[in-house]
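Notes follow the structure.
The values are calculated or read from the model by the stated rules, or taken from the named source; none is laboratory data. These numbers were taken from a predicted model, which means no experiment stands behind them. A quick note on method: Cβ atoms are made from the backbone with ideal geometry, for glycine too, and the neighbour counts reach across all protein chains shown.
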Amino acid sequence: MALPQNLVAEFNELLTHYPHKQAALIPALHRCQEELGGWISPQTMEDCAAFFGLEPVEVYGVASFYPMFRMRPPGKHVVSVCHNISCALRGSDELLAKVCEVTGAPVHGTSADGRFSVNTVECQGACANAPMFDLDGVYHEDLTLEKAARILGEVK
Amino acid sequence: MKDGATSIDGQRLIPHPGETILQAARRAGIEIPHVCWSEGLAPEGGCRVCLVEVAGGTRPVAACHTHLEPGMQVRTETPRLDRLRREILTLMADPHPAGAFTDVAAATPFGRLLQRYGMVANGTHPRRRGDLDGAHPYLHFDPSLCIVCRLCVHACEEVQGSFVYGVGGRGAHTTLRIGALDRYTPSACTACGACVDRCPTGAVTDRDRLDRAEADKITATVCGYCGTGCRIEVATRGEEVLRVEGVRDAAVNRGHLCAKGRFAHGWHSAGDRLTRPLLRRAGELVPVSWAEAIAFAAGRLRALRSAHGSDAVACLTSSRSTNEAAYLLQKLFRCAFGTNHVDCCARVCHSSTALAMGRMTGTSAASTSFHDLELARCLVVAGANPTEAHPVVGARIVQAVLRGADLIVIDPRCTALAEYATLHLQPRPGTNVALLHGLAKALLETGALDRAYVAERTEGLAELETFLAGIPLADAARISGVAETDLRAAARILGRGPALFVHGLGLSEQTQGVAAVEALCNLALLTGSLGRAGAGMMPLRGQNNVQGNADMGAMPDALTGYQRVGDAEVRARFAALWGVPPAATPGWTVSEMFAAARDRRLKALWIQGEDPMQSHPEPERVREALASLDFLAVQELFLTDTARLAHLVLPAAGCLEQDGTFTNAERRIQRVRAAVPPPGEARPDWQVFVELARALGLRWNYRHPGEVMDEIARAAPALFGGVHYDRLEGDGLLWPCPDATHPGTLTLHLGGFPCGRARFRAVPYLPPPELDVPGHPYTLITGRVLQHYNVGTMTRRTQQLELEPEDRLEIHPEDARREGLVDGGRARVTSRTGECVVRVRCTARVAPGTLFLSFHHPQTRTNALVGPHHDSESKCPDYKTVAVRLRPE
C-alpha cells in the first residue's frame, strides 16, 4: 500500500514549507485523517513513516500524543459537544447526555451500529450562541435538548 | 586551578573531559541510584532518580547528564535527595499492581532499588493495562511491569539500530509501544535482545530469562556462529544451557549479540545429536566403540595410502572447529601420509579474497579491525549483507552511519544497509568487475586520489591508468546497470579521503571473484586506505573460524601461517618441528579432490564438520564423488546428508562443548571454553586427531589445546610467536603477534606492505557464463538470511525455525505478476543444472530480473541450481549468478 497520489503531491508541496521533512508530519496526518477514513490507521502510519523517513512507531508516538488524531475508526457521523465554561453554564452536560441517548454512543466512543461517534471538545469560539455542538464539521448553536434530538434525528 | 577541589561525597577526583557526574562517580566507586541510565547509551534524563546536589547550586541536578566540571563539590546522599528519590520511586511504582516488582526484586535493578528504599508497588493508581505479548518465540513484554523509562527505546536505536520501540500517548497515559501494531511480530524487530539487556524492571524479557533458573556455572567463551566472534557468557546448570549473554566490555561486540548467538543454542541438546561412533557394516551405520572406530580409521587410511600412494588420501578441516583441531588435522595428514591434499571451506567462500589480497598487499586477511568501523569517515560495503549475515558488525556499521559516516553500498539487492546508504549502487549480478573499474576510472577523472600515498607505497599506477583509459565510463555504466552520474557521485565521496572497504561473498563467490576483489583493492590503494586506522579492507568471514583454518595451514599450497609448501627453507623448518618433512608439491583444492574421487584417484577422504552435500554446487556430482571413495570419515554433530554417505561417522563436540581458540574476521584469536560436556561419547576433534595419530604410529602427547597453541606459535612465529593461552584472556590477540611482549596488531600495513609496494592489478571484465542465457530470463543470487546459519544444521534445530520456517524465493512484485506467482505461493525454479520448488516472497528488495534464495534447508536443494562455473584461479564456485527460469507450481 502507499499514500494516494493526490496526498503525495500535496505532501511534496508541504515539505517545501519546513526545514526538515519530518516536521511536516503533523499537518500531513490531519490531511490523512480527513481523506483516509477519519482516523490514523496502522496502514496510514506505515505509509506516512515511509514517506517521511520515520519508523511507523514514531508516527504512532506523534499521532497518539495529540487528541485531535483518532486512533480508532470513527462512526459515520461525528458529534463534538463543547463543554467549556459558556456552554457548561448553559447546559452542555444535559446536552451531552441527550446526544449520547439519541445516538446510542458513549462519550468518546462510537454507537454499536457504527453510525455515531461522540466527543467532548474545548471551546469552539461560539460562546455567544452556547450551547453548541459540531456535527460533521457543521456548527449547530443555541441548542435545546429538543433541537439537538431533531437535528440528530434528521441525519439518522 | 580549582581542579584540586573537585569532589564527589568528599572524595577528590580529577574530572575527565566530557564525563558526567554519574560516570565520574562510578569511576570513583560511588554508585548513584538511577533508573533510566545505562552504560553506553545516551542519557535519557527522564527518571530524575540520579539527582545530586552541587555545592553552591540552588536545586539538585541529574547526575546522568550534568558534566563534572572542575571545582564542583557533589553530594550524592542528603536528606533532601533521599526524600526526592522516595517521591519519584513512589510515582513510578504506584501505578503498578500490588507487589509487581517484589517477586523479581533481586533479579532486576528497579526491584533492587525499591528494596533498598523499602518500597513496594501498591496498586493505588493502577493504569498499566494490556496483555502480555507472549507470541514471539523469544521476546516477551509485560506492560504491568513497564515504567516507560525508555531504556529499551535507546538500546534498540543506539545498539541495534532497529527503531522497534516507541512511546505513545501523553502524561499519565504514556505507554511503551512495540512497532506500529504493538507486537514484536510483525515489526522491524530482529530479536537481538539488546532491549532485554537494558530493561530495569523485567517488563521486556525473553524466553531464557523468564524462568529465572539459577545457574551453577558461568563460562566465558566465544559465539560459534559467524565470523564476527562475539564474546559470550554461557550460564549453565549441570549440562543444561540456561542463558547466553554478551560480554559488556568485549572489544568485538560490547555486550551486543544477535538472535542466533543469544537464543539459538538449543541445537546442542537436540535429540538427534550424534553420541556414538557409527561404522558402516553391511550397508548400515551401526554404533561401535571409539577404540574400534579409531582402529578402523587408522587401518583403512594406512592401507589405502600404502596401496595407492600419498595422492590417495585427503582431508577437509572444519571452519566450525578450533584452530588447534585444524592445525592437528593438517599436520596429521601431512606427517602421516605425506600429502598436501588439505583444504577447508574457505575454498568455496573467500578463496578469491585470499588470493587477491595476498597477491596485492602480501597479507590475505582483513587489514583492519571492527574498532575501525567507528573511526571510519566513509564505509564502502560491497557484496555483503552484514545486518543479516554478521548482525553485530551490521549493527556497528548502522551506528557509524547514524553518527554521520558516509556509506556506499554496492549490492544488487536493496539490503537493510542500502536503506541507510548515502549512495546505493545496484549492479546487475555478475558485473562487479565492470562496476569497480568504472569507479576507479571516475575516481581518476576527479583527480582526487591520494597521490603521495600512491607514489610512496604502490606500483603500477601508469599501467592501471592505461588500462582504465581503454574503458569508457559509459561502458561500465551500461554493463553494470549503474548510471554514470552515480559512478561519479560515488567517486566524489571516495575522493574525500581514505575509506573502509567491507566486502563479502557477493564479490568473491563469482567467476571473476579474484578480479573483483583486486578491483576493490585498487580503490583502497587509490584512496590511500590500506595501512591507516579507520580505513582499509575488511573481508567479512563467514564461519566462526574460517580465518583460523586458513591461518593454521588448511590449504593445499601453504603450511601454518601462510608459509608456502614450495619453499625448501619453510619445509626444512617444519621438518625440524614435526620430525617429518612436509611434501613439496601443492595438493588439491576441495573441488579437485571431488574430481579425483570421481576418477577413482582419491581413495580416502576425512571430512571434519562440513556438509558439502548441501553447501557445494551440484550436489549430485558431490554425491558421486563421495560415493566413489573407498573410505569416507565424517566428524559431525548430526547425521547430515554428507555423514549419511560415510563409512565412519564420529560424534563431535560443538562450540559450547570444547576448549581451544577461534580466530574471527579481524584476525582476533580468542579463547573458547567448554560450557557443557559433549553429549554421550561425543569428543572434541583435537582429541580424536591425537588418538588417530597415535594409532598411526606418531608420538603425539598433547594433553591440552594450549600445548597445541604453543606449537602453532613455534610453527609460524612471525604471525603467532607471541600467542599463548595466558595472553588470550579477555579480548585475545590480533595477529601478527610475533613475540611475548608484542600487543598484537589492530591495523596492518601501518609502516608498509610485507611485499614492499602494493601493486595495482586490473583484468578486463568478462560476462559471467550464467548472464543473459537464452530461455533463462532471471538471475538468481544465493545467500543467507538473518534467522539461519549456513546449511542450518544448528539453527533448524532451534526456535529460529519459528521466525523463518523455510527458504523463500525473493522476487520483484512485477516479475511475480508476469510469471503468475503470488506471495506465499510456490514456484518451480529451473537452471541449466537443476531445479527446485520453493515458496515465493514478493519484495522490492530485489531488482526486476533478479532473484534471491537462501540455502539453509536441505529439502530446498538450492545449490542443485548452482552450476559448475568457478573462478579460474581461486576455484571458488559462482553461487551469485545463476541463470534460471520460473513457473508457478
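Odds and ends about this structure:
- For the stretch A:21-51, taking the residues that are aliphatic (A, V, I, L, M) and in contact with a Cys (Cβ under 8 Å, 6 or more places away or on another chain), the one that is farthest from the other protein chains (Cβ to nearest Cβ) is identified as A:28.
- Test: residue in the stretch B:249-261 that is at pLDDT 95 or above, not in a loop (DSSP other than H, G, I, E, B) and not charged (D, E, K, R): yes
- Looking across the stretch B:185-196, the residues that are within 12 Å of chain A (Cβ to nearest Cβ) and at pLDDT below 90 come down to B:186, B:187, B:188.
- The residue that is nearest to residue B:424 (Cα to Cα), counting only those in the stretch B:437-491 that are acidic (Asp, Glu) and outside any loop (DSSP other than H, G, I, E, B), is B:486.
- Among the residues of the stretch B:509-564, the ones that are farther than 30 Å from residue B:332 by Cβ and among the small types (Gly, Ala, Ser) come to 12 in all.
- One residue from B:151, B:176, B:145 being touching a helix residue (DSSP H, G or I) at 6+ places or on another chain (Cβ under 6 Å) and either within 14 Å of chain A (Cβ to nearest Cβ) or not aromatic (Phe, Trp, Tyr) (or both): B:151
- No other residue among A:134, A:93 is acidic (Asp, Glu), over 30 Å from residue B:177 (Cα atoms) and touching a residue at least 40 places away in the same chain (Cβ under 8 Å) apart from A:134.
- Of the helices (runs of 4 or more DSSP H) entirely within the stretch B:117-233, those holding at least 1 residues that are touching a residue at least 24 places away in the same chain (Cβ under 8 Å) and of a type in the set (Lys, Arg) occupy B:194-198, B:207-210.
- Of note, residue B:797 does not satisfy the criterion of being modelled with pLDDT under 95 and within 24 Å of residue B:865 (Cα to Cα).
- Within the stretch B:170-228, being buried (at least 20 other Cβ atoms within 10 Å of the Cβ), within 20 Å of residue B:142 (Cβ to Cβ) and of a type in the set (Ser, Thr, Tyr) holds for B:184, B:187, B:201, B:205.
- Where residue B:823 falls short, out of the listed (1) outside any strand (DSSP E or B); (2) farther than 30 Å from residue B:356 by Cα; (3) under 24 Å from the mean Cα position of the chain (by Cα): (3)
- Residue within the stretch A:59-71 that is away from every other protein chain (no Cβ under 14 Å), buried (at least 19 other Cβ atoms within 10 Å of the Cβ) and either at positive phi or touching a Leu at 6+ places or on another chain (Cβ under 8 Å) (or both) present: no
- Apart from one condition, residue B:67 fits all of (1) touching a helix residue (DSSP H, G or I) at 6+ places or on another chain (Cβ under 8 Å); (2) within 18 Å of residue B:151 (Cβ to Cβ); (3) surrounded by fewer than 20 Cβ atoms within 10 Å (Cβ to Cβ); (4) in contact (Cβ under 8 Å) with a residue 40 or more places away in the chain; the exception is (2).
- Out of B:497, B:430, one residue alone is assigned to a loop (DSSP other than H, G, I, E, B), touching a residue at least 24 places away in the same chain (Cβ under 8 Å) and surrounded by fewer than 17 Cβ atoms within 10 Å (Cβ to Cβ). It is B:497.
- Test: residue B:279 is surrounded by 15 or more Cβ atoms within 10 Å (Cβ to Cβ) and part of a loop (DSSP other than H, G, I, E, B): no
- In the stretch B:833-845, the residue that is surrounded by the fewest Cβ atoms within 10 Å (Cβ to Cβ) out of those that are of a type outside the set (S, T, N, Q) and in contact (Cβ under 8 Å) with a residue 60 or more places away in the chain is B:844.
- For residue B:382: the one exception among (1) without any contact (Cβ under 8 Å) to a residue 60 or more places away in the chain; (2) under 20 Å from residue B:781 (Cβ atoms): (1)
- Selection of the stretch B:701-722 for residues being touching a residue at least 60 places away in the same chain (Cβ under 8 Å), surrounded by fewer than 22 Cβ atoms within 10 Å (Cβ to Cβ) and in a loop (DSSP other than H, G, I, E, B) yields only B:702.
- Filtering A:7, A:54 for residues that are buried (at least 16 other Cβ atoms within 10 Å of the Cβ), of a type in the set (A, V, I, L, M, F, W, C), away from chain B (no Cβ under 14 Å) and in contact (Cβ under 8 Å) with a residue 24 or more places away in the chain leaves a single hit, A:7.
- Options A:80, A:92, A:86; residue that is touching an Asp or Glu at 6+ places or on another chain (Cβ under 9 Å), closer than 17 Å to residue A:148 by Cβ, more than 14 Å from chain B (Cβ to nearest Cβ) and not acidic (Asp, Glu): A:80
- Flag for residue B:511 being crowded, with 24+ Cβ neighbours inside 10 Å and of a type in the set (Val, Ile, Thr): yes
- Residue A:79 vs. criteria surrounded by 15 or more Cβ atoms within 10 Å (Cβ to Cβ), modelled with pLDDT of 95 or more and either touching a Pro at 6+ places or on another chain (Cβ under 8 Å) or over 23 Å from residue A:10 (Cβ atoms) (or both): yes
- The sole residue among B:680, B:722 that is among the small types (Gly, Ala, Ser) and closer than 21 Å to residue B:574 by Cα is B:722.
- Tally of residues being closer than 24 Å to residue B:115 by Cα, in a loop (DSSP other than H, G, I, E, B) and touching a residue at least 40 places away in the same chain (Cβ under 8 Å) across the stretch B:38-64: 7
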